[in-house]
Amino acid sequence: MTGPVRRSRSTEAFYGRRKGKPLKGAQAGVHERRLPELKLDLTEPAPADLARLWPQPVASVRLEIGFGGGEHLLHRARMSPQTGFIGVEPFVNSMAKMISGLDAEGLTNIRVHDDDATQLLDWLPEAVIDHIDLLYPDPWPKKKHWKRRFVSQVNLDRFARVLKPGGRFCFASDIDTYVNWTLAHIAAHPAFEWTAQRADDWHRPWAGWPGTRYEAKAVREGRTPAYLGFVRGS
């Protein structure tokens, strides 16, 4: 008997560098101490009931891919203690910053993965995620690098597999070509439907949106953020 079929990953990484300046002081200590506690072990099978990943009962599970400094992830975890969050961030300095914030606030409803998000998506069981956030991902602006954009047919297949029917996928970007790219890929995918109901919906942040430093920088530089919401069909 063979095991479950795993979708092959691209040979191109979906993220850039892994490390910035060396971690120092308290942040380095917190990162070294807490990361092993928070990091998911993908060498073991995922539990059929994902709620077992958190020390307290959770009513839903939300995944954020590429959380950067963690402003959005920490805000959502703070506002929704009944939700279990999985945050993915390969960049060591960003992971350390988020973990420092988590530790300072005593949050217990976040688990993390510090490598390629496709590894995590392939590890997860089917139909276990209520919500996926992909916020300001690397746009890979040069056309020769577009194959490295995270939104693709194969990764939308991954999203469709792990999302529950009626689950949501939220995408934000300030790069017009990536917004158009995402809409085109969604339109071609049978599992997803764009939820916009009015012409200006895609320029209106979602309820409870805290904003991010990257978003503020984009606005200062004259770029208009877009907020796209999609639902996984039944």
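The values are calculated or read from the model by the stated rules, or taken from the named source; none is laboratory data. Every value quoted in this text rests on a predicted model; they were computed, and no experiment measured them. FYI the Cβ positions are ideal-geometry reconstructions off the backbone, even for glycines, and counts take in every protein chain you see. Ligands, DNA and RNA are stripped out before the accessible areas are found, and what is left, the full protein with its side chains, is counted by its heavy atoms. Shrake-Rupley method; radii C 1.70, N 1.55, O 1.52, S 1.80 Å.
Key figures
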| quantity | calculated |
| --- | --- |
| Every residue from segment 179-221 that is over 22 Å from E71 (Cβ atoms) and part of a loop (DSSP other than H, G, I, E, B) | A188, H189, P190, A191, T195, A196, Q197, R198, A199, D200 |
| All positions within segment 65-120 that are more than 12 Å from the chain's Cα centre (by Cα), of a type in the set (A, V, I, L, M, F, W, C), part of a helix (DSSP H, G or I) and under 24 Å from R168 (Cβ atoms) | L74, A77, M79, M98, L102 |
| Of all residues making up segment 121-136, the number that are part of a strand (DSSP E or B) and among the aliphatic types (A, V, I, L, M) | 4 |
| Pairs with Cβ under 7 Å, 6+ apart, first in segment 143-171 and in a helix (DSSP H, G or I), second open to solvent by 50 Å² or more (accessible area, probe 1.4 Å) and modelled with pLDDT under 95 | K147/S10; K147/E12; R148/E12; V154/R7; D157/R7; R158/R7 |
| Hits in segment 85-115 - residues which are more than 11 Å from R34 (Cα to Cα), touching a helix residue (DSSP H, G or I) at 6+ places or on another chain (Cβ under 7 Å) and among the small types (G, A, S) | G87, G101 |
| Which listed residue, of A59, A28, A96, is surrounded by fewer than 19 Cβ atoms within 10 Å (Cβ to Cβ), modelled with pLDDT under 95 and small (G, A, S) | A28 |
| Extreme residue, surrounded by the fewest Cβ atoms within 10 Å (Cβ to Cβ), among residues of segment 218-232 that are within 18 Å of D130 (Cβ to Cβ) and of a type in the set (A, V, I, L, M) | V231 |
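Rundown of residues vs (1) under 21 Å from W194 (Cβ atoms); (2) surrounded by fewer than 22 Cβ atoms within 10 Å (Cβ to Cβ), yes/no style:
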| residue | (1), (2) |
| --- | --- |
| G106 | no, yes |
| P125 | no, yes |
| I129 | yes, no |
| P165 | yes, yes |
